[in-house]
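Below: one structure, written as structure tokens.
The values are calculated or read from the model by the stated rules, or taken from the named source; none is laboratory data. Note that this is a predicted model, so its numbers are computed, not measured. Backbone-built Cβ (ideal geometry, glycine too); neighbour counts: all protein chains shown.
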Amino acid sequence: MLNPPKNAPHWHVLGLGSLGSLSAYYLLQSGFTVSVLPRAPTHLVARTLHFPLPHTAPLTLSLRADDQGIPITHLWLTVKAHDTALALRPWLPHLASNATIVCLQNGMGTLDDIALPADCEVIYASSTNGVWRDADQIHIAAENTTEIGNHSNTPPEWFSPLQQQFSGLHWNHNIDTARWQKLTVNAVINPLTALYQCRNGALLDGGERERAMEKLANEIDQLCTLIFGHSNWQADTLQRSLSIARQTARNTSSMLADRLAGRSTEIEFINGFLLRQAEKYDVVLPFNQSCVQRLQALNQLSQ
């Protein structure tokens, strides 16, 4: 672990799944202090969470009882998309008026209906890393890139020390494009792996599953071309999805993991988000709609 950077902020992490645990590890290795937020302030007790990582020093996160008196100035948000409102709202009174929130989640639109402080700065992150968790063990299936940014060309002071430890981390002032590219790949791979109950690489069967990938990708490119224009959208969603499926062939998508565990999936914030955008352009995406409806039905059965 490095010495704390000058004027280093204290980070709170909300959502300690695979990517949240890995992010917290990188924050600690960069010299920052880190606390974990439970799902409700009333559950705040002193405890230590221990997450050994392969080929690295163990990750130990301390949740201190006195965190109730510390304003949340820097928040790393990694809860599941559909859990965002329930998890974040109890902590809104604890957010500083000028708090910084780094939102590293699948899907889009997760903060749309949440009343954040007026001067709150939201920085979005998009990762193509393949990470999965087995109990307290973090497994990295594919170490690619994580793009983080807003519309500023200049990253905040805390970014430089974090970049030195966070593998593949890049500042991107055009983060919206990166988020849409991640969303569109997720909208092809995630629902199909959940419906076929297969790992990412099993979609590359040269038959029914690849044809399903093509149907989803073609509809998505039709919508995104309307949103961004022909000159700004390359209509390569299928090619990017096939590439990611190959790179993460052994990975279990988050949506499949949720289905296997009997949890609700993030379909409303992935393909569901695309369907809400399609309504604005009077476009019908029948195969996306079918996938959403089928997974919504499975969500209801799991509740």
Q) Cβ-Cβ below 6 Å, separation at least six or inter-chain, first residue in the stretch 97-108 and crowded, with 21+ Cβ neighbours inside 10 Å and at pLDDT 95 or above, second assigned to a loop (DSSP other than H, G, I, E, B) and of a type in the set (Phe, Trp, Tyr): which pairs? A) none
Q: Determine if the stretch 236-244 includes at least one residue that is over 23 Å from the mean Cα position of the chain (by Cα) and small (Gly, Ala, Ser).
A: no
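Is at least one residue of the stretch 218-233 under 20 Å from the mean Cα position of the chain (by Cα) and closer than 25 Å to residue 110 by Cα?
Let us first name the residues in the stretch 218-233 that are under 20 Å from the mean Cα position of the chain (by Cα), namely 220.
Restricting the remaining residues to those that are closer than 25 Å to residue 110 by Cα gives 220.
Yes, the stretch 218-233 contains a residue that is under 20 Å from the mean Cα position of the chain (by Cα) and closer than 25 Å to residue 110 by Cα.
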Q: Return a yes/no flag: does the stretch 198-220 have any residue that is touching a helix residue (DSSP H, G or I) at 6+ places or on another chain (Cβ under 8 Å), within 21 Å of residue 20 (Cβ to Cβ) and among the acidic types (Asp, Glu).
A: no
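Only one residue in 209, 199, 179 is more than 20 Å from the chain's Cα centre (by Cα) and surrounded by 16 or more Cβ atoms within 10 Å (Cβ to Cβ), so which one is that?
Going through 209, 199, 179 in turn, the sole match is 209.
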**Q.** Selection count, the stretch 243-253, where residues are in a helix (DSSP H, G or I) and more than 18 Å from residue 271 (Cβ to Cβ)
**A.** 3
(Q) Looking at the stretch 141-176 only, could you name the residues that are acidic (Asp, Glu) and crowded, with 19+ Cβ neighbours inside 10 Å? (A) 147
**Q.** First in the stretch 80-93 and closer than 12 Å to residue 15 by Cα, second anywhere and part of a helix (DSSP H, G or I) and of a type in the set (A, V, I, L, M, F, W, C), Cβ under 6 Å, 6 or more apart
**A.** 81/269
Q. Among the residues of the stretch 243-273, which ones are touching a residue at least 12 places away in the same chain (Cβ under 8 Å) and small (Gly, Ala, Ser)?
A. 245, 249, 253, 254, 257, 262, 264, 272
Q: May I ask you to list the residues in the stretch 254-267 that are more than 18 Å from the chain's Cα centre (by Cα) and either in a helix (DSSP H, G or I) or at pLDDT 95 or above (or both)?
A: 260
